[in-house]
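Note sheet for the following structure.
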Amino acid sequence: MDKNTFQAITDLHAQRNEWESTRIEVEIDAVDDEYTTKDNGEANGGVLDEDSTGTTATTNDESGLHKKKTMLVNLVDYIGKAPTKKPRESQKGQKMYLSHFNENTERYRDEVLLPYIQKACRSDGFSVIAKGFDGSRNQQLRIMCQRGRKFQKNDQTNGSGAKKKRQTSSQRPKQESHICKFSFNLHFDPDRKQWFFWELGPGCSKHNGHCRLESSEIKVSIKSLSDDDKNLATNLFDIYASTDCIRALLEKETGQLFTQHQVRHLRTEHQNTTFGPSEGLPNQSPADRLLYKLQNDPSVSMVYLTAGFDSQLLTVNKQRQSKKPAAPVAPPRPIVECFQHSTSSGTLNVTTMDPSTLVDDTSSAEKFANDVRVALRITGTTKILLAVAWTTDDARILLSRYPEATVTDVTMGTNAEKRPLMLLVGKTAENETFTATWAFLPSQCRWTFQWFFETAHPILHGLKTISRNRANATDGDSN
């Protein structure tokens, strides 16, 4: 099939997918005596729809206690009813005030008003987005179909000049003829401080270029989550539940479809809020967040090993290239430091270690630090987290009571950086196991175990407790 034939079929398919919205229910205030609830039977000289309902809310104003009536209306009946494309205010009829929407801030529009309209539109088989807010005299928020904007190509490039790949898919059309024309406006009344739409408002209630979907198939914005659902997701993030598990649970609780990218974005926002000051969030690494969490836990004491590089060197760029091969330059030698942090006492002790003491037959701390520095293109004085070990006050007390027999093993596949997680486990007199020490190691080389048993473990639990140990079982690895 050639390109022209494929384009003709695509255009024909888009033309067939023309349909009109049938019902978008929103709740409005009953206006004057003409707009009555279902209890009174008639509205605007005609009977309300059978599924329209009326509610009565009690509010206070300056005149005293009074009753405020609300009603459900079909927003489609008011879209595109204006006599002209740009009608005057006198041609727009009455103002239909949305109930319970009385703020006009960017956050309120994004997190409260727009999700309410999106929920109403999903029941009709499509989703909407906000095109933008006009803060002039009109105080107008433009609402349009999600496919009302054309797909934009990714022109961003990486360091080598190649175009970056899109991380997510897009539902926007690629051609002008496929752009959906559905749109309407919401306005904010600054005197009454309430959102409204016109009885004879401009806009278009017809869709084109896409078909009607089931409400469960429509991807929704993560901002539409209620506070209770966000708290549920936050609790799952804290226990390190998987993205698929959280996504399935949110779908079951809300009946809405969320993508993995949206859940990962919500997890990242939670991590940035929880694990660091707001001014440094965008540049924080997983190592920064881990250290921040451990340092701010009052029951945790930890020891971590870092490697830093002294960058007090001057680089001179020459215009002429020498024909002789350049002499190999030895990689800079890292400065290995061991940090001892006790949260209960609030002290932080730093000890500079000789990298030559952390060496085995196959690798060393110095070699590992240089390899990471080259692989991640780290420059300047940025420090690299080599290893970190920690324990809690309860775990330290248990190990001091039952130090005679312990088991040490390494578990893989527990973190995104693929670091080995080392666990030191003890057993109580009632044959109940407990974890006494946790440690993220750079590898399973001998020098990492040497650092753990000779440096980290004695600092965390003390030489007196360790001297009472009679047996430590391992998996028999040669390292």
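Here are the numbers for this structure:
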| quantity | calculated |
| --- | --- |
| Formal net charge of residues neighbouring H270 (Cβ-Cβ distance under 10 Å; K, R +1; D, E -1) | 0 |
| Sparse-neighbour loop sites [chymotrypsin sites (Phe, Trp or Tyr not before Pro); the stretch 183-241; at most 11 other C-beta within 10 Å; DSSP] | Y240 |
| Amide H contacts under 5 Å for R419, placed H, 5+ residues apart | none |
| Rounded D (µm²/s) - the stretch 377-479, Kirkwood Rh over Cα pairs, Stokes-Einstein at 10 °C, 1.306 mPa s | 109 µm²/s |
| Radius 12 Å from Cβ of A241, net charge of other residues (Lys, Arg +1; Asp, Glu -1) | 0 |
| At R0 = 30 Å, FRET efficiency that the Cβ-Cβ distance of I466 and D361 yields, to 0.05 | 0.70 |
| Cα centroid separation - the stretch 382-436 against the stretch 79-125, whole Å | 57 Å |
| Backbone HN-Hα couplings from phi across the stretch 225-230 [Karplus 6.51/-1.76/1.60, Hz, Gly and Pro as x] | 5, 6, 5, 5, 5, 5 |
| Cβ-based net charge around A416, under 12 Å, with every Lys or Arg adding one and every Asp or Glu removing one | +4 |
| Accessible area (Å², 1.4 Å probe, nearest 10) - R142 | 70 Å² |
| Ranked order, R446, R147, R107 - accessible area, probe 1.4 Å, largest first | R107, R446, R147 |
| Residue list for the stretch 219-256, given a label point 7 angstrom along the Cα-to-Cβ vector of T273 and an amide N cut-off under 14 Å | 222-238 |
| Label-point separation, S226 to R172 (7 Å along Cα→Cβ), nm | 3.2 nm |
| Under-5 Å amide H pairs with V128, H placed in peptide plane, nonlocal only | Q146 |
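The values are calculated or read from the model by the stated rules, or taken from the named source; none is laboratory data. Small disclaimer: the values here were computed from a predicted structure and weren't measured. Glycine also receives a Cβ, built like all others from the backbone with ideal geometry; neighbour counts cover every protein chain displayed. Calculation scope for accessible area: heavy atoms of the full protein, side chains included, ligands and nucleic acids excluded. Shrake-Rupley method; radii C 1.70, N 1.55, O 1.52, S 1.80 Å.
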